[in-house]
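Taking it in order: structure first as structure tokens, then the write-up.
The values are calculated or read from the model by the stated rules, or taken from the named source; none is laboratory data. This is a predicted model, so every value here is computed, not measured. Glycine also receives a Cβ, built like all others from the backbone with ideal geometry; neighbour counts cover every protein chain displayed. Please note that ligands, DNA and RNA were not included when accessible areas were found on the heavy atoms of the full protein model with its side chains. Shrake-Rupley method; radii C 1.70, N 1.55, O 1.52, S 1.80 Å.
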Number of protein chains: 2
Amino acid sequence: MSASTDKAPIDFWFDFSSPYGYLMSEKIDAVAAKYGRKVRWHPILLGIVFKATGSAPLTMQNPAKASYSLHDFARSARFMSIPYRQPSQFPLPTQNAARTYYWLHGQDCSLARQFAHAIFRALYVEDLDISAPDTVLEIAARFGVDRNALAAALQSPEIKTRLKEEVDWAMQAGVFGSPHVIIDGEHFFGADRLPQIEKWLETGGF
Amino acid sequence: MSASTDKAPIDFWFDFSSPYGYLMSEKIDAVAAKYGRKVRWHPILLGIVFKATGSAPLTMQNPAKASYSLHDFARSARFMSIPYRQPSQFPLPTQNAARTYYWLHGQDCSLARQFAHAIFRALYVEDLDISAPDTVLEIAARFGVDRNALAAALQSPEIKTRLKEEVDWAMQAGVFGSPHVIIDGEHFFGADRLPQIEKWLETGGF
């Protein structure tokens, strides 16, 4: 066993409806791998977190901040060289996508990661309505997932409970937004903290 | 007249009580100068902006975000190689410092800039209570400013109106927080947008 595999994984929380979560999702694995780290992905529902903390999505706050945020999503994507198109429906519910992620993760964590990337890109590149169960089934089917089995799983109490538990666990861990990354107990909020994350991984803390 | 002096100045809004405003204040002039730009500094009162927009300081939002923010202020300062100590009193009222800035600016804009740096460093390095009129007078006196003249000016309706107008003007320009920078109509919010500001100045937009 090499030294690098002894290091604890990085935790990455996000909502599929979060533009900055998408930007982080396109970079975090490669940055972590550079320093011998793996990343655990945790889709959550920000709506529940915001309700518990009295927060609101950036585009539903005051008009000046909402307008700036829409502009900054696209500019930050260009700055990070990531394709981005503002979705027609935004923000939108993501429980079907998140539940599918955890169901797939129980079978094949690599497949779950591919699915998560596909969901983000479906929303932020293809402009698909990922809130619709049919869209989620369609995207999962691209990876050979059985649509009927997934459709049935999405109705099961187990998968609903699993997502609920993940959201509770995130809040207990101190997660208050998306993306939220924890490395060895150190919290980083926002895609714009990626340079600090990289320096932290490189230096072991600063 | 050289080409560089033809470029419009950059506008930089901040509250003296804003940690990220302080971080930006330590960097923005040098970054702008690299690309032949000058910066106009505009201290404002975020309390009035937040009241108008229904916002709140980061440390007065939910406990998880408040705790993270306090940690991130200091870490971001270390990341940017800027001295930082969390003030004992925080956040705190800054109208005396802001009014003094505009009064000095009417006489000597270079002196006003030096005073602004001194106020930020008094709060974030020396941990002085810059809300107190005596502290503001003391800091201004370091630059040879007449204490009695300044004390009288701080009571004048003119200087109160001037600050009020600056806050109104900021809100009309779309300012919703601190630091807020506008370059040729392009808005940048947060000290963490400094890399985007630099790329914008270098490339003329991206």
Which one is farthest from the other protein chains (Cβ to nearest Cβ) among residues in segment A:151-175 that are open to solvent by less than 10 Å² (accessible area, probe 1.4 Å) and in contact with a Phe, Trp or Tyr (Cβ under 7 Å, 6 or more places away or on another chain)? A:LEU163
Pull up segment A:5-27, narrow it to residues that are in a helix (DSSP H, G or I) and modelled with pLDDT of 95 or more, then point me to the one that is surrounded by the fewest Cβ atoms within 10 Å (Cβ to Cβ). A:TYR20
What is the one condition in (1) in a helix (DSSP H, G or I); (2) in contact (Cβ under 8 Å) with a residue 24 or more places away in the chain that B:GLU165 does not satisfy? (2)
Condition set open to solvent by less than 70 Å² (accessible area, probe 1.4 Å) and not hydrophobic (A, V, I, L, M, F, W, C), scope segment A:62-71, selection farthest from A:VAL125 (Cα to Cα): answer is A:ASN62
Given the conditions (1) among the hydrophobic types (A, V, I, L, M, F, W, C); (2) closer than 17 Å to B:HIS105 by Cβ; (3) open to solvent by 50 Å² or more (accessible area, probe 1.4 Å), report the number of the one that B:LEU58 does not fulfil. (2)
Those residues of segment B:177-205 which are out of contact with any Phe, Trp or Tyr (no Cβ under 7 Å at 6 or more places or on another chain) and either facing chain A (nearest Cβ under 9 Å) or assigned to a helix (DSSP H, G or I) (or both) amount to B:PHE188, B:ASP192, B:ARG193, B:LEU194, B:PRO195, B:GLU198, B:THR203
Restricting attention to segment B:28-52, the residues that are buried (at least 17 other Cβ atoms within 10 Å of the Cβ) and either in a helix (DSSP H, G or I) or within 14 Å of another protein chain (Cβ to nearest Cβ) (or both) number exactly 10
Taking segment A:111-157 and keeping residues within 14 Å of A:ASN96 (Cβ to Cβ) and among the hydroxyl-bearing types (Ser, Thr, Tyr) leaves A:SER131, A:THR135, A:SER156
Show the residue pairs that are 6+ apart or on different chains and have beta-carbon atoms under 8 Å apart, the first residue being within segment B:65-87 and over 13 Å from A:HIS187 (Cα atoms) and at the interface with chain A (Cβ under 7 Å from one of its Cβ atoms), the second being polar (S, T, N, Q) and crowded, with 20+ Cβ neighbours inside 10 Å. B:PHE79/A:GLN196
Does segment A:193-206 hold any residues that are touching a residue at least 24 places away in the same chain (Cβ under 8 Å) and open to solvent by 50 Å² or more (accessible area, probe 1.4 Å), and which are they? A:GLU202
Cross-chain or 6+ apart pairs with Cβ under 7 Å, segment A:101-113 first and under 14 Å from A:HIS42 (Cβ atoms), then among the basic types (Lys, Arg) and assigned to a helix (DSSP H, G or I): A:TYR102/A:ARG162
